[in-house]
Amino acid sequence: MDEINDTSASGYIEPGFEGVGTSFSEIETLRTSEFNVLARAKRYGKWWMLKGLNPEVAESTVHRNMLRKEFEMLMALSYPGVVHVAALEEVSGLGICIVQEYVEGTTLDKWAEMHPTKSERRHIVMELLDAVAYIHSCGIAHRDLKPSNIMVTSNGGILKIIDFGLADSARDTILKQPAGTRKYMSPEQAITSEADVRNDIYSIGIILNDLIACRRYSSIIGRCLLPIGERFQRVSDLKEALLRADKRAGIFAKALTATLVSLAVIAIAAIGWLYVGGTAENVQKGTIDSLQAAVTAAHANIDSIKTISSAKIDSIQNAVNNTEKKLKSGIKEAAVRAQLVDTYIQKGLDLLELSWFQDLEHFEEASDKEAYVIEMINHQKQIIAEFYKEIKHELSATEAKVVNEQVSRQIIFYYYPLGYELLTSN
């Protein structure tokens, strides 16, 4: 066949072919935060989400490494319920960016406002649990699970977890820091930088409370919010507890339905007997006895169900009350300790900042700036060490360590980039 006349032949499309460009076009900034920029753009005729750095921190080695760390974690994941990432590349006008799928849909909180049915809510909850279980199986803790980081697609109502900017894993040894969003963050997550999947289970508990709160699930949600050693240790345990609760409710509903059907049959039979003018004398005694036995059995069944249900409700209510007491006590204590830690962190930063401004007064007089910076860093580290000794008697060892790490990290920004290598090497 003549190739010139072969209209079915396929070939490579030229880069300039309309709508299928190899470079990003129609770039539209969607959101700018303190550290990141989110934009959508079109390439190869398809929309993509671009996550880059705010221009104010675009040249920071720390923030560039954090972006790369997020990319590497996402590249290790491949699951329908996790946003798909394609590349890490330089984008004109935005700088280095994570290129990921553009999810057409709405965030979980906005989706919930659309009044989905109980069945739809439960389906989304199970998708969330499966997705988080997969993430945990890969050795990663998300550490910032919240409705705004969970999408529900417009087409098919599929759940997708996005934004792994604060995610961490035990195998990563750099860029460790306390992280999360206050409402959804577990108490221990506020004072430790260690990745723990049980932090995500606490966040899931808060999400479940917003999404499917009811008497059936109250004790399960309450357990998610207990101190870390008492809550569910794995997402699979949490899912199994929800399934058991649904199964018990199903059995109860079937038993009640069967009883109501029996009563309905008895009522219909009695009405029919009265309608044809029958009397007790012309109805066989065996039939009457049978009906009476059925009525008695039905009443006994109802009483049994009521008793069992009442006992279960009382048991659940007691468990909920105990859980609420523990939870309120734990949250109150955690809030007080977190506030104390924040107070000492701010005191340390104020002390460090005052010292730094005093140092700057003599900075231009130094003949060897690098040697001067090293000297000032050591001086400020000594200030921090003395401050650390003062606060140790009022804080736990873990809390004091958090304060020390947070304050010490600030030196990097004061003397960046000259002091960065010295501090990170130590």
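The values are calculated or read from the model by the stated rules, or taken from the named source; none is laboratory data. Computed from a predicted structure; not experimentally measured. Cβ placement follows ideal geometry from the backbone for every residue including glycine, while neighbour counts extend to all protein chains displayed. We work out accessible area using only protein heavy atoms, side chains counted, and drop any ligands, DNA or RNA first. Shrake-Rupley method; radii C 1.70, N 1.55, O 1.52, S 1.80 Å.
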Discussion item. Criterion first (modelled with pLDDT under 95, in a helix (DSSP H, G or I) and out of contact with any helix residue (DSSP H, G or I) (no Cβ under 9 Å at 6 or more places or on another chain)) does His115 satisfy it?
Written reply: no
Worksheet item: Any idea which of (1) outside any loop (DSSP other than H, G, I, E, B); (2) free of Cβ contacts under 8 Å to residues at least 60 places away in the same chain is the one Ile27 doesn't satisfy?
Response: (2)
Worksheet item: Restricting to the range 55-94, what's the tally of residues that are under 19 Å from the mean Cα position of the chain (by Cα) and either among the aromatic types (Phe, Trp, Tyr) or farther than 25 Å from Lys160 by Cα (or both)?
Response: 2
Worksheet item: Do you know which residues across the range 134-145 are surrounded by 19 or more Cβ atoms within 10 Å (Cβ to Cβ) and among the hydrophobic types (A, V, I, L, M, F, W, C)?
Response: Ile135, Ile140, Ala141, Leu145
Item to complete: Being among the basic types (Lys, Arg) and within 23 Å of the chain's Cα centre (by Cα) is the filter; apply it to the range 1-52 and report the residue that is modelled with the lowest pLDDT.
Response: Arg31
Worksheet item: Quick one: is Ile383 among the aliphatic types (A, V, I, L, M), modelled with pLDDT of 60 or more, over 28 Å from the mean Cα position of the chain (by Cα) and not in a loop (DSSP other than H, G, I, E, B)?
Response: yes
Worksheet item: Filtering the range 175-224 down to residues that are of a type in the set (Gly, Ala, Ser) and over 30 Å from Leu67 (Cα atoms), which residue is modelled with the lowest pLDDT?
Response: Ala213
Response to the item:
Within the range 68-80, restricting to residues that are over 12 Å from Glu101 (Cα atoms) and in contact (Cβ under 8 Å) with a residue 60 or more places away in the chain, the one that is most open to solvent (accessible area, probe 1.4 Å) is Ala76
Worksheet item: Take the residues of the range 207-218 that are open to solvent by less than 40 Å² (accessible area, probe 1.4 Å) and touching a residue at least 40 places away in the same chain (Cβ under 8 Å): which is farthest from the chain's Cα centre (by Cα)?
Response: Ser218
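This table checks each residue for (1) of a type in the set (Asp, Glu); (2) at pLDDT 95 or above; (3) not in a strand (DSSP E or B).
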{"position": "Ile98", "(1), (2), (3)": "no, yes, no"}
{"position": "Thr106", "(1), (2), (3)": "no, yes, no"}
{"position": "Met126", "(1), (2), (3)": "no, yes, yes"}
{"position": "Ala131", "(1), (2), (3)": "no, yes, yes"}
{"position": "Ile135", "(1), (2), (3)": "no, yes, yes"}
{"position": "Arg143", "(1), (2), (3)": "no, no, yes"}
{"position": "Gly156", "(1), (2), (3)": "no, no, yes"}
{"position": "Thr173", "(1), (2), (3)": "no, no, yes"}
Practice prompt. Working only within the range 224-254, note down all residues that are assigned to a helix (DSSP H, G or I) and in contact with a Lys or Arg (Cβ under 6 Å, 6 or more places away or on another chain).
Written response: Cys224, Ala245, Ala249
Fill in: Complete set of residues in the range 89-120 that are open to solvent by 90 Å² or more (accessible area, probe 1.4 Å) and under 21 Å from Arg64 (Cα atoms)
Glu90, Ser92
Worksheet item: Is at least one residue of the range 225-237 modelled with pLDDT of 95 or more, crowded, with 21+ Cβ neighbours inside 10 Å and in contact with a strand residue (DSSP E or B) (Cβ under 7 Å, 6 or more places away or on another chain)?
Response: no
